[in-house]
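Just so it is clear, none of the values below were taken in a lab; they were calculated from the coordinates. Note that the structure is a prediction, hence the values are computed from the model and not measured. Backbone-built Cβ (ideal geometry, glycine too); neighbour counts: all protein chains shown.
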């Protein structure tokens, strides 16, 4: 066999059938043809290297929620340890009524609301602790990106059906609107050891008053509900 590469129409057709049969998309093929991707893949094909799947947290802790034939494309480490500290935030900016899924995922990172499938599983297991006022919203867990058996990209969502919360996987390419919300922790900071003498920062709305609140050795957790926030140092003096 000659070392010179030549691809005929028959071999191109074989590759096209193999890509389709294996669930590849046009975007996947484009990535394969870019940069040094084929150089890195060649040792695997020639038996000189092997591919080991990434150990995504969802494969370890939430594999029972992943439909058969689906794969994880991106994932995040779990965040939630209690449903009682859960808050919701809108991903829409002023003047917007809807956005596409790729923008939603970018904003989830910016808003520090990038929860994943493992967090969704935690809430399913502890759904009696979820605030009742959240039931009118769809909770979006943008941190875990899954590819369905049809090749489409999806993210996990929790929805209320009038009786309980259930898991759904919504298409990333759909339009995301005002009824959808990103879950995130309400508290800016939870002190690890309140008796250690550390001094912490709490978030509060901006204000022009010369008086500021100070405290010493007190647990300070301020619920973040607004975006116009500044950091106020909590100094080692008595509460004024």
Quiz item: So between residue 45 and residue 25, what do we pick up on full extension, going 0.36 nm a residue minus the alpha carbon distance?
Solution: 5.2 nm
Quiz item: So what's Rg/Rh here for the range 57-185, counting alpha carbon atoms and using the Kirkwood radius for Rh?
Solution: 0.93
Quiz item: Given N residues in the range 1-138, what is Rg(Cα) / (2.2 N^0.38 Å)?
Solution: 1.50
Quiz prompt | Scaled radius of gyration (Cα, divided by 2.2 N^0.38 Å) that the range 1-75 gives | solution = 1.42
Quiz prompt | Distance in nm between pseudo-label sites at residue 60 and residue 94 (7 Å out along the Cβ direction from Cα) | solution = 4.3
Exercise. Rank the residues 112, 6, 81, 121 as a footprinting-exposure proxy: fewest other Cβ atoms within 10 Å of their Cβ go first.
Key: 6, 81, 112, 121
Quiz item: How would you rank 31, 130, going from fewest to most other Cβ atoms within 10 Å of each one's own Cβ?
Solution: 31, 130
Self-check item: Calculated FRET efficiency for the pair residue 136/residue 174, C-beta based, R₀ 22 Å, to 0.05
Solution: 0.70
